[in-house]
Amino acid sequence: MCSGEKAAKCCSGCWSIGHRPPPPATSACVHPPAPPPPRSRHIPGPLCPGATMPSPPDFSLPAFSLSGSVDPTTLGPDVPLSEFAAAWDQDELAFAHSFRSLGFDARIDFRCFLDIRYMPPGGDASPDAPFFGPNDEDIPEDHVVVEVRIPLPDVFWLPRYAACNLRRMESHRINEAGELVVRASEAPLREANLEDCLGQIDRLILGAVALPEDYVPTGFR
């Protein structure tokens, strides 16, 4: 507080009792300078000027990775597995090997990417046929036939080696839209037929990532 004989306004702007005249301009004020107000640390957000939004994850895979002049999409079911595998480079073969080593269970792995349909016995198998999905309410009791589809041209989680192998080995299960189609209708309950379909999917996919017996893993480059 400033010292002095009467109330007056101090040189720093405060009021005090018994203020003496301020010292000459060359002398410093007796009050210490006020501390600056606290500054908040600013973390730029997506809406701040100049901020850039993060890029979405890229799930795409490169085009067919070929090791030679043979296009694997032209190889039929009679071609030996060793010749089919020789048409792919080591990165794609390593991806298929890793996928098979980890195992696959359609009941858990990527089930949200499976197109599951419920239909009545004798239901139409065309792509535009009416059906009920697992999230639909009031599914008719007679819709016990289950059909599961995998859109092979769009799957990011399946090695292209396996997708191409499915097309050549299971061509009778591929529809005009390029989907792998599996159907089950023997059981009287749709739950049992769904389990049958998922089991078929497991066997087909694990078979499609099979590699020649003499394949030696080299890892990704």
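Quick notes on this one:
- Between ASP109 and GLU213, the contour length at 0.36 nm per residue exceeds the Cα-Cα span by 34.8 nm.
- Remark: spin-label model distance GLU176-ASP89 equals 3.6 nm, labels positioned 7 Å along the Cα→Cβ axis.
- The orientation-averaged projected area of the convex hull spanned by the Cα atoms of the stretch 129-214 comes to 6.9 nm².
- Derived scalar couplings between HN and Hα for the stretch 150-164 equal 10, x, 4, x, 10, 6, 9, 8, 9, x, 4, 4, 5, 4, 5 Hz in order, rounded to whole Hz, by the Karplus curve 6.51 cos²θ - 1.76 cosθ + 1.60 (θ = phi - 60°), x for Gly and Pro.
- Exposure proxy shown here: for TRP157, TRP88, the number of other Cβ atoms within 10 Å sets the order, fewest to most, as TRP157, TRP88.
- Dipole magnitude of the stretch 72-208, debye to nearest 20 (Cβ charges: Lys/Arg +1, Asp/Glu -1, about Cα centre): 480 debye
- Once the chain from ALA187 to ASP142 is taken as fully extended at 0.36 nm per residue, the excess over their C-alpha distance is 15.0 nm.
- Simple spin-label estimate for SER98 and PHE156 in nanometres, 7 Å along Cα-Cβ: 1.6 nm
- Put simply, when 159-172, 93-106 are sorted by average Cβ atoms within 10 angstrom per residue, most first, you get 159-172, 93-106.
- Relative to the current alpha-carbon distance between LEU81 and ASP202, full extension at 0.36 nm per residue lengthens the span by 41.6 nm.
Values in this text are rule-based calculations from the coordinates and carry no lab data. Not measured: the values here are computed from a predicted model. So basically every Cβ, Gly included, is an ideal-geometry build from the backbone, and we count neighbours across all protein chains shown.
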